[in-house]
Amino acid sequence: MFHELRDGVVRLDPDFAKLLAQSLMPKMRGPAMELAAQYVTQLRKVKVPYRLQRFGGKVALPHSTAAVATECGYCKQPLHKKGLKFCGRHCYLRYSVDVRQPLKLAQVKLAALRAQGISPGHGGEAAKKRGAKIAESNRRRALNLLAAERRARRAVQQREYRRRIMISNNETGSHSQEPVARN
């Protein structure tokens, strides 16, 4: 009658759940309806004070005395119906365009800055330096070396680099000490 799922949840067998619902729901419906009726009668007895306290100590007036907009939010013409903010769809759309316009201008400016190679959100040159530091830190952490071990490892790498330069100079017949580009 019970099935345990992989994540530890225990479910009822569908046939058993149907049987339970058919037998228990009629018995539970009556008491539940009585509790709901009692709750509704208690709610009707509740009296709301004249002024309600809101978040931050601000006082809000009840809906009946609250100020209702009497003119359109865009064209300032008188509204023909209570509860409206705009006289029509045209004014609402024009208002929303005016609100969104600064956002579009900001997005255009950001795109222009990024086209120039400047990214205010990521810091340009600072981001490159930060990336190099993070990469170095990740390499150190991956090797799990102490400072002295890192210095010794770096010295070995430089000796190997100088040895490769000497070998390449001897092979080409050049005796200059110009470094060769590293891979």
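A short reminder: the numbers here are calculations on the coordinates, not readings from a lab. Please read all numbers here as calculations on a predicted model, not as lab measurements. Cβ sites come from the backbone with ideal geometry, for glycine too, and all protein chains shown count toward neighbours.
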Could you calculate the contour length gain from Arg153 to Arg44, that is, 0.36 nm times the residue separation minus the distance between their Cα atoms, to one decimal place in nm?
31.1 nm
Please enumerate, by chain and number, the lysines with C-alpha under 22 Å from the C-alpha of Lys18, excluding those fewer than 8 residues away in the same chain.
Lys27
Most exposed first, judged by fewest Cβ atoms within 10 angstrom, Phe16, Phe86, Phe2 run Phe2, Phe16, Phe86
Leading residue at positive end of dipole, region 1-45 (Cβ point charges), from Met28, Gln42, Leu12:
Gln42
Between Ala132 and Leu110, how high is the FRET efficiency from 1/(1 + (r/R0)^6) when r is the Cβ-Cβ distance and R₀ = 30 Å? Nearest 0.05.
0.75
